[in-house]
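In what follows, a structure is listed as structure tokens, so that the remarks can point back to it.
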Amino acid sequence: MNALKLPFTFDVEIIKKELSQFSKTDYQDIYNSSVMLETLWLIHFIEPIIGEDGLPIFLPNEALKKCPYLLSIFEKFECQVETFRIHTLDAGANIKKHRDVGYSFEHGKVRLHIPVFTNDKVEMFVDDQPIPMKEGECWYCNFHIDHEVRNNSDQPRAHIILDLSLIHI
């Protein structure tokens with residue numbers, strides 16, 4: 001299975017309102033060899049602390065505490081959430097074909113996408129197959145295999161991205 005639309009949706013108007021409190025200076029440039037510098041931006045919403053067993057536990061940071069609806073999304077997933085962030089890909093930017101090794105159900109790490117700002121000119125491909133994500137939907141994709149994104153629009157594309165661990169060591 002390369003991609004699966006999950007059976008729940010989120011209110012993007014509330015998400016957009018909560019995200020509007022952040023400015024471009026709140027975002028960090030992401031270094032990724034598949035993306036040109038200063039075209040992919042993020043805000044992290046959780047941070048690790050070391051638990052009693054010496055393993056990290058990821059908890060809401062100050063940015064997430066300002067966003068009650070986003071916090072409710074974080075709390076919806078009843079497994080260890082290791083990443084909860086917003087990714088913004090600038091208009092006209094692309095993420096070249098690449099793999100995120102280990103990010104598949106079979107490997108026990110699931111990456112979910114919740115599109116917040118997107119349109120029909122934004123294309124995501126997993127194993128060269130188009131994945132037609134719409135705002136507010138929640139998608140699992142097998143990112144262990146080749147995937148890429150093309151933002152052919154004149155608007156930024158923004159997704160909430162969650163990395164979930166299905167295996168508790």
- Note on the structure: Cβ pairs under 9 Å, 6+ apart or interchain, first in segment 1-13 and without any contact (Cβ under 8 Å) to a residue 60 or more places away in the chain, second in a strand (DSSP E or B), ordered by first then second residue, are 7/138
- Note on segment 2-31: residues touching a Gly at 6+ places or on another chain (Cβ under 8 Å) and open to solvent by 80 Å² or more (accessible area, probe 1.4 Å) are 9
- Could you tell me whether any residue of segment 94-113 is open to solvent by 30 Å² or more (accessible area, probe 1.4 Å), farther than 28 Å from residue 25 by Cα and hydroxyl-bearing (Ser, Thr, Tyr)? yes
- Query: Out of (1) touching a residue at least 12 places away in the same chain (Cβ under 8 Å); (2) crowded, with 16+ Cβ neighbours inside 10 Å; (3) farther than 19 Å from residue 29 by Cα, what's the single condition that is false for residue 86?
  - Reply: (3)
- Need at least 2 residues that are within 26 Å of residue 59 (Cα to Cα) per element, so show me which strands (runs of 3 or more DSSP E) inside segment 108-169 make the cut, counting only ones lying wholly within it. 109-117, 137-141, 157-165
- Determine if segment 125-141 includes at least one residue that is in contact with a His (Cβ under 9 Å, 6 or more places away or on another chain), polar (S, T, N, Q) and in contact (Cβ under 8 Å) with a residue 40 or more places away in the chain. no
- Message: Just the residues that are charged (D, E, K, R) and either farther than 30 Å from residue 19 by Cβ or open to solvent by less than 80 Å² (accessible area, probe 1.4 Å) (or both), please, taken from segment 42-59.
- Response: 52, 53
- Query: Quick one: in segment 34-89, which of the residues that are over 22 Å from residue 165 (Cα atoms) and in a strand (DSSP E or B) is modelled with the lowest pLDDT?
  - Reply: 35
- Query: Is there a residue in segment 141-161 that is modelled with pLDDT under 95 and either touching a helix residue (DSSP H, G or I) at 6+ places or on another chain (Cβ under 7 Å) or open to solvent by 50 Å² or more (accessible area, probe 1.4 Å) (or both)?
  - Reply: no
- Task: Could you tell me which numbered condition residue 123 fails, if it satisfies all but one of (1) at pLDDT 95 or above; (2) within 14 Å of the chain's Cα centre (by Cα)?
- Result: (2)
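The values are calculated or read from the model by the stated rules, or taken from the named source; none is laboratory data. Computed from a predicted model, the values in this text were never measured in an experiment. Don't worry about glycine lacking a Cβ; one is built from the backbone with ideal geometry, like all the others, and counts go over all protein chains shown. To get the accessible areas, we keep the full protein, side chains included, count just its heavy atoms, and leave off ligands, DNA and RNA. Shrake-Rupley method; radii C 1.70, N 1.55, O 1.52, S 1.80 Å.
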